[in-house]
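Comments concern the structure below.
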Amino acid sequence: MTMKRVAVEANLSNVRDYLSQQGYDCCELDAQNQNGQGLDAIVISGADQNIMGIADATTKAPVINANGLRPEEIANRIQNSTR
């Protein structure tokens, strides 16, 4: 099984830490990776649905809104969306 690469919004350090502990390759969501190329998922806080234009960007990776979710629930959504 290959390690899943996930971009996580900067203010979600607790989610990034949890996913890293679960074996995900995590990076910070920024202008370089917002299109999802090379990523298995993108995790946003939901505080700003249109963070860096993601709402209208074409992305190959599923975008997961972390608003109201525990890190474990986010990991489950990533796993289910990348099968």
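Every number here is computed from the coordinates shown, using simple stated rules; none is lab data. Values in this document were obtained by computation on a predicted structure and should not be read as measured data. Ideal geometry is used to build each Cβ from the backbone, glycine not excepted, and the neighbour counts take in all protein chains shown.
Sequence-distant or interchain residues sharing an amide H contact under 5 Å with Val8, placed H: which?
Cys27, Glu28, Leu29, Val43
Suppose each label sits 7 Å from its Cα in the direction of the beta carbon; what would the Glu28-Lys60 distance come out to in nanometres?
Simple spin-label model gives 2.5 nm for this pair.
So if each residue of separation counts as 0.36 nm, and I subtract the Cα-Cα distance between Asn80 and Arg5, what length gain in nm does that give? Walk me through the numbers before you get to the answer.
On the way: separation 75, 0.36 × 75 = 27.00 nm, distance 1.44 nm.
Result for the pair: 25.6 nm of gain on full extension.
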